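Every read-out reported here was derived from the displayed coordinates using simple, explicitly stated rules and does not represent laboratory data. Bear in mind that the values here come from a model prediction, so they are computed numbers and not experimental data. Every residue, glycine as well, gets a Cβ built from its backbone with ideal geometry; the counts of neighbours run over all protein chains shown.
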């Protein structure tokens, strides 16, 4: 009697259970089903072979209790508002080394407590800005925290947190109009970020994996802070703008330095067995490169760090880095035609189609969009200033996917056409996001369909509504159900439905989860109840707060 | 002090959402091993697997406020984050896959035989799993390495128990083909 696939699957499972409980052997269960002996044997043998090796996958003894303790420490520290502390250090050695610093710090804290009266006062000081009465206490308290810290990792975490504070303080000063205090605040920021990088290098010399994580955190802080200040720039006096430019330069050069450090760290992690800390691993970093000078307002030569690692012959790793200016080979110019969508070039080739439909006017500007085609290593020439045009500029991507502007309304009299005399805007004012957003659907896998959104514009965008169409089976025993939407590990929506298309606008979680920062991507995962049917028939439309929408199909 | 050992997962989760770190610690004790096995079956370095396991639970803790049960089981939530963490692990650091052989071959004389054998077996299993479809790989890891029941596996994978049995049947056949 022929058995169906489902029957065999059930038989395999029941036989496995019997064998694992000790109620039967492979031979005894096979004798019960001679007609499918071969299939059953291969399945059971494979399952038992795999199951018999599970002990290989056990964590080492002591890991779970120790890591549970570490996790609890981190959670408690976070609840108390302290930067995450990782405990992969040698506390005794560090304690001994910092004995005097600790004594001093404890004494200082006692004095501080007396001076400030209570912990509430310390908390109150935490949010002060230069010019506030309690601001000096905040700085003293921070210094004490650093003195109390007994590992380079913790030092770096603290310096990163304080760097974030310095940036927030500059913002606070601007918002209350204490412009005279900006230069001093910028200098404080510069010192703080220098301390953070110095500390980070110490971590890199002993724990490259941890250094990579810390570098990433610091990078994010600098990037976010710089972005926030750039937004404020147009609203402040001209003299203060110069100081903000200084902040930008400090952030850019620091980000560059961190990027190079991360390259070295990644190289050490992936290519060489790490020498022990006592053997010493020296990271030789060049002086920070000056920020790349801007050419006009359009070409932003990005320093392209190339590094020449010299493999250690003994125990020392030396990495020499040089920064080569890189020009962008692809230039996308926004038309002054307010009805014309402009599509930037995007990195990944894909077969999916992206449709950009601007639903609000795109502001005229002559600024280039960032490009991902790093070809030229020559010094950027000022003559590369783009010329605005009233002709739609086709996407200059070289990837194989197609980008088709649709729904483009024809220019009307109210839509001023661009003229050749329209100069490109050379200011550093951030670009409006326009429709510099792309989306592509990856090949459906298992029960998920993934959509990658890339914001190639210059300001953050927030998605406000998502509509998804998915295919249903021709002869449904049950319709396919769309179950949940995730951004990375964050659940954005969960309301299983079998009605295709479905529109999502009531997202879960913080609004920040729906923001895509400039130059960043958002990976959205659409999870279905059952394995996705086929590999086509999906269409996802994402609406953004700036009036743009992106439709990706597969 | 409450004895968390006697509390079920749902109550632990509720307490953890209310900020009870110890309740979350108990959840960690219950599921860290299976998460570690799941992760280590997908990456080569056991130390990285340890770091990622901690990282997964930290992310779960931080995401608890966004988690609404509504029939979406905790296990599914946990392993979803584990899967994403594995992807991030490879993507963020652009890691070069370090197979076990890369490390064990460096100084074989210093490594006891049992660890060496385990390393080779891990390498062999990785080789087989790498050649399977994602859902096949996942069902085999969950069922036979993490030792989840078909029902638990179904919860994690968002499928019915019957569908998991069929998937397991297909995955075993595919794995057998690779082994041959």
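Odds and ends about this structure:
- Put simply, when B:165-172, A:447-454, A:5-12 are sorted by average Cβ atoms within 10 angstrom per residue, most first, you get B:165-172, A:447-454, A:5-12.
- 20 Å reach of a label modelled at residue A:28, 7 Å along Cα-to-Cβ, counting backbone N of segment A:37-78: A:37-38, A:40-49, A:52
- Counting, for every residue in B:21-30, the Cβ atoms of other protein chains within 10 Å of its Cβ and taking the mean gives 3.
- Full-stretch length increase - residue A:498, residue A:242 - with 0.36 nm per residue and alpha-carbon distance subtracted: 86.5 nm
- Sorted by Cβ neighbour density within 10 Å, fewest at the top, the residues A:503, A:464: A:503, A:464
- Projected-area average for segment B:141-180 over all orientations - Cα convex hull basis, square nanometres: 2.6 nm²
- Average partner coverage of A:37-44, which counts Cβ from other chains inside 10 Å: 3
- The ratio of the alpha-carbon radius of gyration of segment A:178-264 to the globular-protein estimate 2.2 N^0.38 Å is 1.19.
- Shape call, segment A:36-82: gyration tensor on alpha carbons, a/c limit 1.5: prolate
- Here the residues B:37, A:70, ranked from fewest to most Cβ neighbours within 10 Å of their Cβ, fall in the order A:70, B:37.
- Estimated FRET transfer efficiency when R0 is 25 angstrom, pair residue A:38-residue A:7 (beta carbons, to 0.05): 0.95
- The mean number of Cβ atoms from other chains found within 10 Å of a Cβ in peptide B:124-130 is 2, as a whole number.
- Judged by the mean number of other Cβ atoms found within 10 Å, the most tightly packed of the peptides B:133-144, A:234-245, A:48-59 leads the ranking B:133-144, A:48-59, A:234-245.
- With R₀ set to 30 Å, the beta-carbon distance separating residue B:120 from residue A:60 gives a calculated FRET efficiency near 0.95.
- Put simply, when A:506-514, B:120-128, A:19-27 are sorted by average Cβ atoms within 10 angstrom per residue, most first, you get B:120-128, A:506-514, A:19-27.
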